[in-house]
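Structure, as structure tokens:
Readers should treat all values here as calculations from the given coordinates under stated rules, not as data from a laboratory. Keep in mind it's a predicted model, so treat the numbers as computed, not measured. Every residue, glycine as well, gets a Cβ built from its backbone with ideal geometry; the counts of neighbours run over all protein chains shown.
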Amino acid sequence: MCLLRYSAKHYTPLYLHSCRIAFLASAGINSEHLLAMTIVINDTLIKTNMDCIFDKIIAGEIPSKKVYEDNFVFAFYDIHPIAPVHVLIIPKKHIESINDLEEGDVEIVGNMFLAAKKIAFDLGIAEKGYKLLVRTGRDGGQEVPHIHMHLLGGARLREDIGPVK
Ligand code: 5GP
């Protein structure tokens, strides 16, 4: 793991990403070094794995329909919604799953819940209610190895979780 610091204020995620690539190239760091490295942008710590589709969505490399963003969290509509409202809330720090959380991540996790509340109010589903779902590992059905909270609502939802037959 390596730690880099540079300043890049008031830029779009895509521009920030190209700055990051140029900065890393000038430091003699190639794409292989990028795996599992830690970057600090304007004092916000971002551990990033450039192979991760959700990291690419945060960087603007893969397009998404953004719903919300702050220093800790990015949220966007799920590409295959399973409810009338289906938003994914992800930490900007690359953390693979709940199993990889550390004590220092408490602020990130807290901000994921606060973002869920804010988005639910913004999208008008807070009063009727919604579900928050975080899958972990194979048995939990997690497909993307970057923690994500599903915010599901906009209709009364079924409760049919059970073992796969
Ligand atoms: P999981 O099954 O890991 O809990 O959820 C992963 C979610 O990510 C799925 O609901 C899937 O539809 C969503 N997803 C996967 N790739 C993309 C993508 O490129 N864009 C968006 N918006 N959602 C994605």
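From Cα pairs below 8 angstrom and at least 6 apart in sequence, can you work out the relative contact order of segment 72-140, rounded to a whole percent?
Normalised by residue count, the contact order of segment 72-140 is 30 percent.
In this simple spin-label approximation, Glu127 and Leu101 carry label points 7 Å from Cα along the Cα→Cβ vector, and these lie 3.1 nm apart.
Computed over the Cα atoms of segment 64-165, pair by distinct pair, the Kirkwood hydrodynamic radius stands at 14.2 angstrom.
With only Lys, Arg, Asp and Glu charged, each at its Cβ (+1 for the first two, -1 for the last two), find how big the charge dipole of segment 51-98 is about the Cα centre; round to the nearest 20 debye.
Dipole magnitude for segment 51-98 comes out near 120 debye.
Can you classify segment 80-132 as rounded, prolate or oblate using the Cα gyration tensor, where a ≥ b ≥ c are the square roots of its eigenvalues, rounded means a/c under 1.5, and otherwise it's prolate if a/b beats b/c and oblate if not? If you can, show how the numbers build up before the last one.
Details: a/c = 2.81, a/b = 1.79, b/c = 1.57.
Because a/c hits 1.5 or more and a/b exceeds b/c, segment 80-132 counts as prolate.
Label-to-label distance, Ile82 versus Val134, with points set 7 angstrom from Cα along the beta-carbon direction: 1.7 nm.
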